[in-house]
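Asks: Attaching a single structure in structure tokens format; questions to follow.
The values are calculated or read from the model by the stated rules, or taken from the named source; none is laboratory data. The structure presented is a predicted model; accordingly, all values stated were derived computationally and were not measured. Glycine also receives a Cβ, built like all others from the backbone with ideal geometry; neighbour counts cover every protein chain displayed. The accessibility values were calculated without ligands, DNA or RNA, using every heavy atom of the protein model including side chains. Shrake-Rupley method; radii C 1.70, N 1.55, O 1.52, S 1.80 Å.
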Amino acid sequence: MILHKKFKYDVLVSKEVIWWNYWDHEHLDVVHSGYKSADIIYENEKVYLGYFTVKAPFVPFLSFSFPIFGVYENENTYVVHSFQYGIPSKFTFTTKEKENGQTEIEMDYKFHLKGLNIFYYPILNFFIKKWNHKVWKEDLPLKNRRQMVLDLGFKDFHGLPDQIKDRIRKDKIKFKLPIPRPRKSPRDKYILNKNI
């Protein structure tokens, strides 16, 4: 049995800002209250493999961990494969730029439920929508703020131009993976990444 849910949003930010938000692993456990940790095991310009720990939905003092594999398929499509509670899932995220500066986003969730996991259907069906809207609301200020500072000429690890007259972006926003992280980022502290 497949549980299938879709959500659509329009947002007044560029596609590049949307992709930055989804590939910015730094913010996960800082911005999203459901995440306890997000370790990145491997990452390059197309894929990442992570090991995330999140709070259990009904009993927030409990948590569970799961592997997650994200793929940047093309400039409009991002796919994530995961296994929460042993349930295989596929999340497909697509973007479409509109003329007025908006970006249309479609989120497509699929969960493969079999055996006793079929009993999770009504619970997942309820919580996917709730979780999706919660994460969307938590991320929206980041997207809006990032678009604003990029429009002012902000560059990561450099800040805003010194001269106010230079604070108008003249070129297209560039998106390149992997997104640079600060040195000693908590995302890079996965125990098996270390020489032990």
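Asks: Just the Kirkwood number for the range 44-165, please: inverse of mean 1/r across all distinct Cα pairs, in Å, one decimal.
Replies: 17.4 Å
Asks: In addition: In the chain, carbon and sulfur make up what percent of the accessible area (probe 1.4 Å)?
Replies: Percent of accessible area from carbon and sulfur atoms in the chain: 59.
Asks: Based on the Cβ-Cβ distance of Glu73 and Phe126, what FRET efficiency does E = 1/(1 + (r/R0)^6) give at R0 = 41 Å, to the nearest 0.05?
Replies: Efficiency at R0 = 41 Å is approximately 0.90.
Asks: May I ask for the angle, rounded to the nearest 10°, between helix 121-151 and the longest principal axis of the chain, with both axes built from Cα atoms and the value confined to 0 to 90°?
Replies: The answer is roughly 10 degrees.
Asks: Per DSSP H run of n ≥ 4, the term is -39500 (n - 2.57); total these for the chain, divide by its residue number, and report the mean residue ellipticity at 222 nm rounded to 500 deg cm²/dmol.
Replies: -7500 deg cm²/dmol
Asks: So for the pair Phe154, Lys98, with labels modelled 7 Å out along Cα→Cβ, what separation do we get in nm?
Replies: With each label placed 7 Å out from Cα toward Cβ, I get 2.4 nm.
Asks: Could you name the lysines in cross-link range of Lys170, using Cα to Cα under 25 Å and dropping any fewer than eight places away on the same chain?
Replies: Partners found: Lys15, Lys96, Lys98, Lys143, Lys155.
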